[in-house]
Structures are given as structure tokens and as C-alpha cells.
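Since the structure comes first, as C-alpha cells, the remarks are kept for the end.
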2 protein chains.
Amino acid sequence: MAGIARATIGEKIERGGKAKAPGTTRERILESSAELFRRQGYTGTGVKRIVAEARAPFGSVYHFFPGGKEQLGAEAIRTSGALYARLFATIAAQAPDVPSAVGEFFAGAAETLVETDYADACPIATVALEVASTSEPLRKASAEVFESWIAGATAYFAAAGIPVTRARELAFSMLSLLEGAFVFCRAMRTTEPLAIAGASAVAEVGAALAEA
Amino acid sequence: MAGIARATIGEKIERGGKAKAPGTTRERILESSAELFRRQGYTGTGVKRIVAEARAPFGSVYHFFPGGKEQLGAEAIRTSGALYARLFATIAAQAPDVPSAVGEFFAGAAETLVETDYADACPIATVALEVASTSEPLRKASAEVFESWIAGATAYFAAAGIPVTRARELAFSMLSLLEGAFVFCRAMRTTEPLAIAGASAVAEVGAALAEA
DNA sequence: CTCCTTCTTGATAGATCGCTCTAGTGAGGG
DNA sequence: CCCTCACTAGAGCGATCTATCAAGAAGGAG
């Protein structure tokens with residue numbers, strides 16, 4: 001309780017006065033963790049590197065994340081997973097119809113990929129594959145994020161009039177197409193797979209809407 | 001030349017006479033590398049662990065793979081990638097028609113996943129994501145494998161009468177669905193995503209065949 | 001037999017890993 | 001005022017990482 005209040009105060013008065021990167025130390029550590037894990041994976045990223053990127057003291061990692069690297073990984077998965085879900089929601093809210101929303105989401109993903117030199121694809125897929133057979137806490141964190149994405153997309157399609165069972169299938173298809181295309185795009189350094197997968201997803205959603 | 005001849009002889013006379021696992025030392029190292037990389041990723045797998053699994057002397061890794069772990073990774077990617085392509089070819093050759101082949105491939109993948117406790121999915125996806133932004137040699141190796149898969153699937157669909165351009169799109173869609181479903185299956189420990197992705201792939205292939 | 005090459009074997013170097021520990025800093029409360 | 005405590009700061013620990021090296025075993029060629 002007190003700790004949370006302190007942190008909130010600290011955030012506002014920018015403690016210490018030093019001109020560091022914006023955000024609290026905890027936030028900066030979490031952000032750089034998420035970024036590095038996304039790009040190089042969990043085991044491929046050292047804690048030293050994380051604090052260097054975050055311009056944070058090494059000891060602060062274990063102050064804010066007593067569970068160590070694993071807790072850091074779990075929180076990074078959850079927060080960046082939630083962020084990605086909000087990204088889709090934002091695009092969906094602005095799009096004129098459902099197929100457009102899907103198409104724009106894939107197009108936006110391709111744009112991000114090119115802008116970041118094919119580094120930023122799915123925020124958690126790399127870690128999810130790495131830890132699926134080695135760390136239950138991290139595997140569960142990624143599973144929960146994926147399940148929330150599926151649930152969100154299912155609700156979105158269902159709201160457009162598609163039966164829930166079919167909507168859930170659509171959600172899995174669309175997200176599988178996206179994740180799979182990410183794998184190919186990053187390895188081959190081209191957005192062609194994402195363009196094709198996007199077109200396929202749009203077509204499938206369109207067909208499901210026509211049926212309903 | 002001489003080295004290759006020697007290795008072939010060595011393979012047959014099972015040098016040393018010790019009752020090790022079958023295959024040459026080089027083959028065993030490559031096999032256990034491929035298996036461990038597939039399950040825990042590249043950075044998550046140590047050379048010590050590889051030789052322990054392969055029942056091979058530590059130094060032999062650097063005798064057969066002077067390029068070290070990176071060369072080991074590249075060769076593992078290429079050989080297991082080629083093996084996976086042959087698996088699809090085998091299934092395709094036995095299936096009565098194209099949609100059946102696709103459906104059986106997805107079903108077989110799901111079966112393997114359950115049998116290996118969700119460990120063995122795509123042989124190279126985990127490594128591909130990990131190294132895409134950190135090692136050009138490994139990234140290229142995975143890109144070449146993916147490209148060969150796409151080329152193989154494109155030729156297969158084209159042989160069934162589908163126009164080449166459409167066939168290539170189908171290949172990307174099918175493999176994206178597969179790779180994406182693998183990510184979800186491993187994290188969520190269920191084959192539901194693979195079943196849905198498989199049905200979607202079969203439907204898309206069927207529609208393309210109907211057009212042609 | 002000796003010489004030569006191939007391959008085995010493990011000790012070890014040097015770097016880096018995740019993590020712990022202690023000391024120090026500075027703002028808020030009594 | 002001083003005391004408290006959240007946070008900063010980084011040296012250092014043991015373990016593990018990749019890679020090298022020197023010594024030796026085994027079989028073929030002369």
C-alpha cells in the first residue's frame with residue numbers, strides 16, 4: 001500500500017531530479033525488458049543488458065522484481081500482451097467495418113516491421129516458443145495473453161453478427177495467420193507473407209460475415 | 001574427398017567398437033542439436049548439454065564443426081528443415097487428393113505435439129525467431145529453409161492445376177496457419193488451434209481447386 | 001614395424017550468466 | 001532536528017557459457 005503510494009508520488013515529482021528517460025525506474029526496466037525479449041528472446045537477453053538499456057541501476061531489478069528474471073519475463077509478457085490487445089481494439093474502433101479492421105491491422109504490422117528493420121513483430125511469440133517447455137510460469141503467462149487475445153477477437157467478431165463458435169474459429173485463424181506470417185517475415189526479411197496472410201484473413205472474415 | 005570416404009567407412013565399421021547410440025558421432029551431435037534447439041531454442045541450449053545428449057566427447061563438436069555453435073545451428077536448421085519437407089512430401093504422395101494431404105499433415109502435426117508433450121512442433125521456428133535479429137548466418141539458414149518449403153508447396157499446388165501465383169499464396173497461407181497454430185498450441189497446451197488452422201487451410205485449398 | 005591422419009577426451013581459459021550483498025542517498029514524518 | 005525507509009549503486013560470488021588446447025587411441029599406408 002505505502003509502497004504503491006510512494007511509487008505514484010515518485011512518478012510525479014520525478015525523484016532525484018536527474019534527467020533520465022521518462023517514466024519510473026520500474027517502468028523503464030519493464031519496457032526495455034519487453035523490447036529486448038521481443039527481439040532476441042528470453043534466454044538471449046541478459047539482465048545486465050536490460051538495465052543498461054533502461055538506464056537503471058542493476059540492483060533495482062531485484063528491488064522491484066524480487067522474483068528475478070523470471071518475474072521480469074512474466075510481467076513483460078503480460079503488459080506487452082495487454083498493450084497489443086489495445087492496439088487491435090484501437091484500430092478496430094476506427095475502422096469502418098470488420099474486414100477493414102483486420103486488413104488495417106495486418107498492414108500496420110507490416111509497416112512496423114519495416115520501420116524497425118524486421119525486429120518488432122509479435123511482442124511475445126519468441127519468448128512463448130522458447131519457454132513453452134522450460135518454464136511453467138512463463139508458459140502460463142504467454143498462454144493467458146494468447147487466450148485473452150482470442151477472447152477479445154471472438155467477442156469482436158461475435159458483435160458483428162457471427163455465431164460465437166464460428167467467431168472463435170475465425171479468431172484462431174486470423175491470429176495464427178498473423179503469428180505464422182511474422183515468423184516468415186522476420187526470417188526472410190520481406191513483408192510478402194504478411195500481405196498474403198492479411199488478404200487471406202480478410203477473405204475468411206468476409207465470407208463468415210456473408211454467411212451471417 | 002578423403003574425409004568423406006573415411007567418414008562413410010567409419011560409419012559402417014562402427015569405429016572403436018563401443019556400443020554408443022547408432023550413427024556416426026557427427027550425426028548424433030547434429031541430431032541432438034536439432035532436437036534441443038527445436039525445444040528450448042538456440043541460446044537456451046548449451047554445447048555441454050548437446051554432447052551429453054549425443055553421448056559424444058565435448059571436443060568432437062569443434063572437430064566436426066570448426067565454426068562452433070553457430071555452424072552447428074546452421075547445419076541443424078538445414079538438415080531438420082529438409083527432413084520436414086520430406087515429411088510433407090511423403091504424406092502428400094500417399095494422400096488421395098490435395099485437400100486430404102493438407103488435412104493429414106495438420107492432423108499428423110497435432111498427433112506429434114501430443115505424443116511429445118507439446119515439445120516438437122516446427123523444427124526451426126523457435127530458432128528462427130530468436131536469431132532473426134542477432135545472427136545473419138542463422139537467419140539466412142532459416143530463410144533458405146522457409147523459402148524451400150514455400151517453393152515445394154507451391155509446386156505441389158501448381159501440379160494440381162492451381163495457377164502458380166495463387167499456388168504461392170496458398171503455400172504462404174497454409175504454412176503461416178501451421179506456424180501460427182504451433183505457437184498457440186505450445187503455449188496453451190492444446191491442439192485446438194491446430195485443428196482450426198488445419199480446417200481453414202483445407203477449406204482455402206478446396207476453394208482454390210474449385211476455381212481452377 | 002613406423003609414420004600419419006582421424007578422432008577422442010577432458011582439463012581449462014576467459015567471458016558472461018543470474019543473483020546477492022552492503023553501503024550510500026535523499027525525501028517525508030515525528 | 002533526526003530517524004526511517006524506499007531506492008540507488010555496483011562490487012563480487014558461484015555457476016555456466018563457448019571455445020581452445022594438448023595428449024592419446026586407433027587404424028591405414030609405407
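Things to note:
- Within region A:42-83, the set of residues being under 19 Å from the mean Cα position of the chain (by Cα) and within 14 Å of another protein chain (Cβ to nearest Cβ) comprises A:TYR42, A:THR43, A:GLY44, A:THR45, A:LYS69, A:GLU70, A:GLY73, A:ALA74, A:ILE77, A:ARG78, A:GLY81.
- Qualifying residue in region A:57-73 (condition: assigned to a helix (DSSP H, G or I), away from DNA strand D (no atom under 16 Å from the Cβ) and either at pLDDT 95 or above or over 25 Å from B:ARG139 (Cβ atoms) (or both)): yes
- Some residue of region B:91-111 being at the interface with another protein chain (Cβ under 9 Å from one of its Cβ atoms) and either surrounded by 22 or more Cβ atoms within 10 Å (Cβ to Cβ) or in contact with a helix residue (DSSP H, G or I) (Cβ under 7 Å, 6 or more places away or on another chain) (or both): no
- Selection status of A:PHE157, surrounded by 24 or more Cβ atoms within 10 Å (Cβ to Cβ) and more than 12 Å from chain B (Cβ to nearest Cβ): yes
- Failed item in (1) over 20 Å from B:THR154 (Cα atoms); (2) more than 15 Å from the chain's Cα centre (by Cα), with B:THR126 passing the rest: (2)
- Total residues in region B:32-56, condition in contact (Cβ under 8 Å) with a residue 12 or more places away in the chain and either near DNA strand D (Cβ under 9 Å from one of its atoms) or more than 24 Å from B:ALA132 (Cβ to Cβ) (or both): 11
Conditions (1) over 19 Å from B:LEU194 (Cα atoms); (2) touching a residue at least 24 places away in the same chain (Cβ under 8 Å); (3) within 20 Å of the chain's Cα centre (by Cα), marked per residue:
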| position | (1), (2), (3) |
| --- | --- |
| A:ALA143 | no, no, yes |
| A:SER173 | no, yes, yes |
| A:VAL183 | no, yes, yes |
| A:GLU192 | yes, no, no |
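- Set A:ALA208, A:ALA197, A:ALA187: member being more than 7 Å from chain B (Cβ to nearest Cβ) and touching a helix residue (DSSP H, G or I) at 6+ places or on another chain (Cβ under 7 Å): A:ALA208
- In the set (1) at pLDDT below 95; (2) assigned to a helix (DSSP H, G or I), the condition left unmet by B:ALA107 is number (1).
The values are calculated or read from the model by the stated rules, or taken from the named source; none is laboratory data. Bear in mind that the values here come from a model prediction, so they are computed numbers and not experimental data. Cβ coordinates were reconstructed from backbone atoms using ideal geometry, including for glycine residues, and neighbour counts include every protein chain displayed.
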